[in-house]
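Heads up: the structure comes next, in structure tokens.
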Amino acid sequence: MHAPTLTVKQVRDLHLPSTPLKETERRASRWRAAFGIEQTEIDALASLDPDTLEEIARQAIKPYFDDTLGVRIHEAGRVWRREAQAKVDAKAAADQDYAKLREDAVTDLNRAKKSLQALQHATTRLIRRRDLPSFNLPEAEPDEAGPEPLVSSDMDLEEHIEALRDRKCYSEE
């Protein structure tokens, strides 16, 4: 687990407001001496500049993503399939019984494709879409109405933040 935080440089560069450390905080004097600032909550950045907060978050998780992995997996699969097919083809070429089975299967498959195409044509001529009954998609009918979600994926970042803040403040909204 990593806990990304705002850096002192980000706090300064972004001119974020700070609040005094609590007097009961035993490390307060060492904190001030080390960093020269009071505490700054990330909520300040969320309110003042959510786009910058999003960019900071993206940069914080970037080291854990490999943008090339999907392409490399696809290429490795392509190479493996080519090599595997070459081995299968070499074994198949040396086995007369297999070659005959394959030839028969290809012939049967081509015959089946032609039959399916003929059936599809006949079905299309048999009935038109306008002749079919309309389809009414039923709606879900849950036994109980569940609570409204706190946040959802169709909300933007600012709505998420506001909902989470309201919850933290025990807001009635």
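All of the numbers you see were taken from the coordinates with simple rules; none came from a lab. Predicted, not measured: the structure shown is a model, and the values here were computed from it. Note that we place each Cβ from the backbone using ideal geometry, even for glycine, and neighbour counts take in every protein chain shown.
Matching the structure-derived Cα Rg over 2.2 N^0.38 Å against the labelled list (1) 1.81; (2) 2.06; (3) 1.00 gives the label (2). For the residue pairs 22/62; 62/87; 9/62, the C-alpha atoms sit more than 29 angstrom apart in 22/62; 62/87.
Quick one: putting +1 on the C-beta of Lys and Arg, -1 on the C-beta of Asp and Glu, what dipole do you get for the chain around its Cα centre, in Debye to the nearest 20?
On the way: 27 positive and 34 negative charges, 291 e Å.
In total the dipole reaches around 1400 debye.
In the chain, helical runs assigned H by DSSP with n ≥ 4 each contribute -39500 (n - 2.57); averaged across all residues and rounded to the nearest 500, the mean residue ellipticity at 222 nm is -19000 deg cm²/dmol. When only alpha carbons are used to place a centre, segment 14-60 and segment 105-149 end up 58 Å from one another. Quick one: compute the contact order of the chain, relative version, from alpha carbon pairs under 8 angstrom and 6+ residues apart, as a percent. Once divided by the residue count of the chain, the mean separation gives 16 percent.
Comparing 117, 88, 106 along the charge dipole axis of segment 69-126, the residue lying farthest to the positive side is 117, per the Cβ-charge model.
For residue 39, nonlocal amide neighbours, meaning residues 5 or more places apart or on other chains whose placed amide H falls under 5 Å from its own, are 19, 21.
Rounded to the nearest 10 degrees, the inclination of helix 69-93 to the longest alpha-carbon principal axis of the chain is 20 degrees.
About the centre of its Cα atoms, segment 69-126 shows a dipole size close to 300 debye [charges on the beta carbon of Lys, Arg (+1) and Asp, Glu (-1) only; nearest 20 debye]. The C-alpha atoms of the chain define a longest principal axis, and helix 50-61 lies at about 70 degrees to it. With q set to 0.15, 0.18, 0.25 Å⁻¹, the log10 of I(q)/I(0) for segment 69-126, from the Debye formula over equal scatterers at the Cα positions, is -0.72, -0.77, -0.92.
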